[in-house]
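The next block holds one structure in the form of structure tokens; read it before the comments.
The values are calculated or read from the model by the stated rules, or taken from the named source; none is laboratory data. The model shown is predicted, which means the values in this text are computed figures rather than measured ones. Because the Cβ atoms are built from the backbone with ideal geometry, glycine has one as well, and the counts that use them run over all protein chains shown. Ligands, DNA and RNA are stripped out before the accessible areas are found, and what is left, the full protein with its side chains, is counted by its heavy atoms. Shrake-Rupley method; radii C 1.70, N 1.55, O 1.52, S 1.80 Å.
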Amino acid sequence: MIDSKPHLLVLPRLRIQNANAISSSMTWGFPAMSAFMGAVQALERNLPDDIRIVFNGVGVVCHHIEPQVTKGGFTRAFHLTRNPVDKTGSTAAIVEEGRAHLDVTLLIGVESDGDDLGSVERRRDIAQRLFEQVHGMRLAGGSVMPPLSDATRQRPELITFDADEERRDKQWRRLKRRLLPGFALVLRDDYLNEHTVTLKAEDDSATTLDAWLDLCRLNHECRIETQQDKEGQTKDVAKWEIRRPYPGWLVPIPVGYGAISDLFAPGDVANARDPAVPFQFVESLYSIGEWVSPHRLRSPDALLWFVDNDLERGIYRLTNDYALTHSEND
């Protein structure tokens, strides 16, 4: 029987070298949340036999990111590897690969699957062993480097939240201090849906893509003001300003994949990665995310992402409950 008590595994200050900075065909920068979800699923599948727990969500707090790009100027380019020449002596083709160095903290929702997590020693042992196991994995396409020191804020922890609301809030406030400075990526589907309705009211032909593009950019708009000079004469003056529909640090993000073909039986598609499982052609799904400081989060549930697939519609995506737990004034 799965224990329903809330537990949170904190893997702090993971130094990831050369993580994949191209999160989709239309976005770059921070890796897609699906990359971290895949790493957590791989960790769960390779748990030691004596650790009986289940992961039910993953959150990421980014403390530092260093994209491997040229610096200076408006246009930037990724640092690319120089491949050896081919058999004819010509320069081999280069497939662009964007990389970034990251410093992140992983927060993983945990449920007990028969394991006794009531003991402090047991929780400390599980956290340390999984922390060491993650350092032997690939995370978001990058290599997890050894920690720089064994400082207190870099020690892994498996937290069992108290049933009492006041004590639980105190635990969460203590954890939030460990996560600073940093920013957590949360989902803002609500902004995208609301802005789509706003644009449709102005132009019936507007689509969700128009709303997504509008939220992804800074819109420079010219506003004409009438001003009066010292002689009392009036004149029109152009004022340029940046229009942003919503406050906050909003970014375009991929949130999963949508099917663009039927589901093929195993082995029907040549050169599939795994011929033993069904195959389906998909394309990326996009939404709007927001970087939020952890001290603004009311509960750990607000930063956790979890799988929300709709197999009948061919939707394979991740979701997050931040918008359901926070008001617009936060």
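Are any residues in segment 249-271 within 30 Å of TRP305 (Cβ to Cβ) and either at pLDDT below 90 or among the charged types (D, E, K, R) (or both), and if so, which ones?
Correct list: ASP262 only.
Could you tell me how many of the residues in segment 169-190 are in contact with a Pro (Cβ under 8 Å, 6 or more places away or on another chain) and over 18 Å from PHE36 (Cβ atoms)?
Result for segment 169-190: 5.
Residue under question is GLU231, and the condition is that it be part of a strand (DSSP E or B) and either more than 24 Å from PRO6 (Cβ to Cβ) or among the β-branched types (Val, Ile, Thr) (or both); does it hold?
So GLU231 fails the test.
So if I check each of GLN154, GLN171, which one is touching a residue at least 60 places away in the same chain (Cβ under 8 Å) and either among the polar types (S, T, N, Q) or touching a Cys at 6+ places or on another chain (Cβ under 9 Å) (or both)?
GLN154
Can ASP262 be described as part of a strand (DSSP E or B), surrounded by fewer than 16 Cβ atoms within 10 Å (Cβ to Cβ), out of contact with any Cys (no Cβ under 8 Å at 6 or more places or on another chain) and not aliphatic (A, V, I, L, M)?
no
Taking the options VAL277, VAL251, name whichever one is open to solvent by 40 Å² or more (accessible area, probe 1.4 Å), within 24 Å of ALA35 (Cα to Cα) and among the aliphatic types (A, V, I, L, M).
So the residue among VAL277, VAL251 that is open to solvent by 40 Å² or more (accessible area, probe 1.4 Å), within 24 Å of ALA35 (Cα to Cα) and among the aliphatic types (A, V, I, L, M) is VAL277.
Residue under question is THR160, and the condition is that it be of a type in the set (Val, Ile, Thr) and touching a Lys or Arg at 6+ places or on another chain (Cβ under 8 Å); does it hold?
It is true that THR160 is of a type in the set (Val, Ile, Thr) and touching a Lys or Arg at 6+ places or on another chain (Cβ under 8 Å).
Looking at (1) without any contact (Cβ under 8 Å) to a residue 40 or more places away in the chain; (2) part of a loop (DSSP other than H, G, I, E, B), can you tell me which one ILE65 breaks?
(2)
If you take just the helices (runs of 4 or more DSSP H) that sit entirely in segment 116-221, which of them hold at least 1 residues that are over 28 Å from SER299 (Cα atoms) and open to solvent by less than 40 Å² (accessible area, probe 1.4 Å)?
Here the list reads 189-202, 208-216.
Would you point out which residue out of VAL269, VAL251, VAL237, VAL255 is part of a loop (DSSP other than H, G, I, E, B) and touching a strand residue (DSSP E or B) at 6+ places or on another chain (Cβ under 6 Å)? Even if it seems obvious, please write down each step before you answer.
Working: VAL251 fails: part of a loop (DSSP other than H, G, I, E, B); VAL237 fails: part of a loop (DSSP other than H, G, I, E, B); VAL255 fails: part of a loop (DSSP other than H, G, I, E, B).
After ruling out the rest, the residue left standing is VAL269.
Give segment 207-248 a look and list any residue that's at pLDDT below 85 and hydroxyl-bearing (Ser, Thr, Tyr), or say none.
THR226, THR234
Kindly list, by first and then second residue, each pair from a residue in segment 190-210 that is without any contact (Cβ under 8 Å) to a residue 40 or more places away in the chain to a residue that is among the aromatic types (Phe, Trp, Tyr) and open to solvent by 40 Å² or more (accessible area, probe 1.4 Å), limited to pairs with Cβ atoms under 9 Å and residues at least 6 apart or on different chains.
LEU209/TYR286
Out of the residues in segment 79-110 that are surrounded by fewer than 17 Cβ atoms within 10 Å (Cβ to Cβ) and in contact (Cβ under 8 Å) with a residue 40 or more places away in the chain, which is farthest from ARG178 (Cα to Cα)?
Of segment 79-110, the ones surrounded by fewer than 17 Cβ atoms within 10 Å (Cβ to Cβ) are 79-97.
Retained after the next criterion (residues that are in contact (Cβ under 8 Å) with a residue 40 or more places away in the chain): 96-97.
Numbers: GLU96: 36, GLU97: 33 Å.
Only one residue fits best here, namely GLU96.
Among the residues of segment 280-322, which ones are under 28 Å from PHE183 (Cα atoms), open to solvent by 60 Å² or more (accessible area, probe 1.4 Å) and either outside any strand (DSSP E or B) or among the basic types (Lys, Arg) (or both)?
Of everything in segment 280-322, those that are under 28 Å from PHE183 (Cα atoms), open to solvent by 60 Å² or more (accessible area, probe 1.4 Å) and either outside any strand (DSSP E or B) or among the basic types (Lys, Arg) (or both) turn out to be HIS295, ARG296, ARG298, ASP301, ASP308, ASN309.
Results for (1) part of a strand (DSSP E or B); (2) aromatic (Phe, Trp, Tyr); (3) out of contact with any Leu (no Cβ under 8 Å at 6 or more places or on another chain), shown as yes or no for each residue.
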site	(1), (2), (3)
VAL58	yes, no, no
LEU80	no, no, yes
THR88	no, no, yes
GLU97	no, no, no
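Those residues that are without any contact (Cβ under 8 Å) to a residue 40 or more places away in the chain and touching a Ser or Thr at 6+ places or on another chain (Cβ under 8 Å), I need them from segment 232-281; list them, please.
Selection gives THR234, LYS235, ASP236, VAL237, GLN280, PHE281.
Just to be sure, is PRO245 touching a Cys at 6+ places or on another chain (Cβ under 7 Å), surrounded by 11 or more Cβ atoms within 10 Å (Cβ to Cβ) and within 25 Å of GLY29 (Cα to Cα)?
Against the criterion (touching a Cys at 6+ places or on another chain (Cβ under 7 Å), surrounded by 11 or more Cβ atoms within 10 Å (Cβ to Cβ) and within 25 Å of GLY29 (Cα to Cα)), PRO245 does not qualify.
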